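What follows is a short report on a single structure.
Values in this text are rule-based calculations from the coordinates and carry no lab data. What you see is a predicted model; the values in this text were computed from it and never measured. Cβ sites come from the backbone with ideal geometry, for glycine too, and all protein chains shown count toward neighbours.
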Amino acid sequence: MLDKRYQTLISLAETQSFTQTAKQLFITQPAVSQQIASLESELKFPLIIHEHNRITLTTAGFKLANFAKQTSLESQKVISSLKTGTEHLKMGCTLSLSSTILPKFIQQLSTRANVVTTKINNTQHILQNIRDGKVDFGLIEGNFDKEEFDSFFVQKESFICVTHNSIGGNSIEDLFNQTLLLREPGSGSRNIFENWLATQNYRITDFKNVIEIASPSAIVELLKQGSGISFMYQSLVADELKSEQLKKLDLTGFHVEHPINLVFLKNSYFKETYREIVESV
């Protein structure tokens, strides 16, 4: 539905190259230049900057490209839903929420829409999937740019220090001699813990030993073996805490709750659909 010049701008924003854009769109390089020049003439402001045989988009150019990309992705989704009369939703979810909140969402969504894709990864990957149109929305616990994304609050989750019964401590300083089992960079739970540490003037490197593990379930199993400590959502270890396989450490000054949000692109055409989803769960 978009003017082909905007499709060219979208590609140019991704490739930062007239040559690569031409190859991607199966047109000539002069055609790419002409389309961008035509768009700049019509809009009456520059979209690209030439610097030493390289190009980069202006701030306005990047904003327009992002808007055009969102419009293109959502227009395809609107047409598809009109043709079939069914909403086909692609959702993403962070690893920490995949075993707790996700099943409840899928159960509710199955009564009103066809969930054709569910991608599970860390927060940064899910946000990139939303940008790229690989998912329509994501359930995340991490931070996100409120200038780029919109959201609806789902619920709050308690974020705790958890370990084996044989390990103790009353403050964060007491735990620096322990092995810290930590999610990989880009995960929401790691971001939450690192931000809290910073408020106490500490860093991850203050721990004697740090092991990065991408799987929350693997971290839980290692904790049960007495292999260290970790910081995670209480709901992830609710059963283990109840059966006393693991315990929560109530550290001085550590009281963290974090919101879980349903996140989607700013100014989305489907904003009300997402609101209805959250209200139904």
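Charges were assigned to the Cβ only: +1 to each Lys and Arg, -1 to each Asp and Glu. The resulting dipole of the chain about its Cα centre is roughly 740 debye. With viscosity 1.002 mPa s and temperature 20 °C, the Kirkwood radius over alpha carbon pairs of segment 4-77 converts through Stokes-Einstein to a diffusion coefficient of 174 µm²/s.
The ranking of C93, C161 from fewest to most other beta carbons within 10 Å of each one's beta carbon is C161, C93.
Per the helix-only calculation at 222 nm, which mean residue ellipticity applies to the chain, given -39500 (n - 2.57) for every DSSP H run of n ≥ 4 and division by its residues, nearest 500 deg cm²/dmol? Provide the component values of the computation, followed by the final result.
Values: 10 runs with 114 residues, N = 281.
That comes out to -12500 deg cm²/dmol.
In a DSSP loop and with at most 15 other Cβ atoms within 10 Å, the trypsin sites (Lys or Arg not before Pro) in segment 1-74 are K44.
Given a Förster distance of 35 angstrom, what is the FRET efficiency for E42 paired with A198, based on the Cβ-Cβ distance and rounded to 0.05? If you can, show how the numbers build up before the last one.
Values: r = 47 Å, r/R0 = 1.34.
So the FRET efficiency works out to roughly 0.15.
Of all DSSP beta bridges located in the chain, what percent are antiparallel, nearest 5? The partial results should precede the final answer.
Numbers: 26 of 41 bridges.
In the chain, DSSP labels about 65 percent of beta bridges as antiparallel.
Near E157, the amide H atoms lying under 5 Å from its own belong to H258, I260; only residues 5 or more places off or on other chains count, and H is placed 1.01 Å from N.
Each Lys or Arg adds one and each Asp or Glu subtracts one; over the other residues with Cβ under 15 Å from the Cβ of S41, this totals -1. For H52, H125, the sequence from fewest to most other C-beta atoms within 10 Å is H52, H125. With contacts taken as Cα pairs under 8 Å and at least 6 residues apart, segment 156-258 reaches a relative contact order of 53 percent. Which option, (i) 195; (ii) 114; (iii) 164, is the value of volume of the Cα convex hull per residue in Å³ that was calculated from these coordinates? Calculated volume of the Cα convex hull per residue in Å³: the matching label is (iii).
For I48, the amide hydrogen comes within under 5 Å of the amide hydrogens of T58, counting only partners 5 or more places away or on other chains and with H modelled in the peptide plane.
Size descriptors for segment 156-258: radius of gyration and Dmax over Cα atoms are 12.3, 35 Å. Of the GluC sites (Glu not before Pro) found in segment 183-268, those in coil by DSSP whose Cβ has at most 10 other Cβ atoms within 10 Å are E244. For I213 and N267, the FRET efficiency from 1/(1 + (r/R0)^6), where r spans their Cβ atoms and R0 equals 51 Å, is about 0.85.
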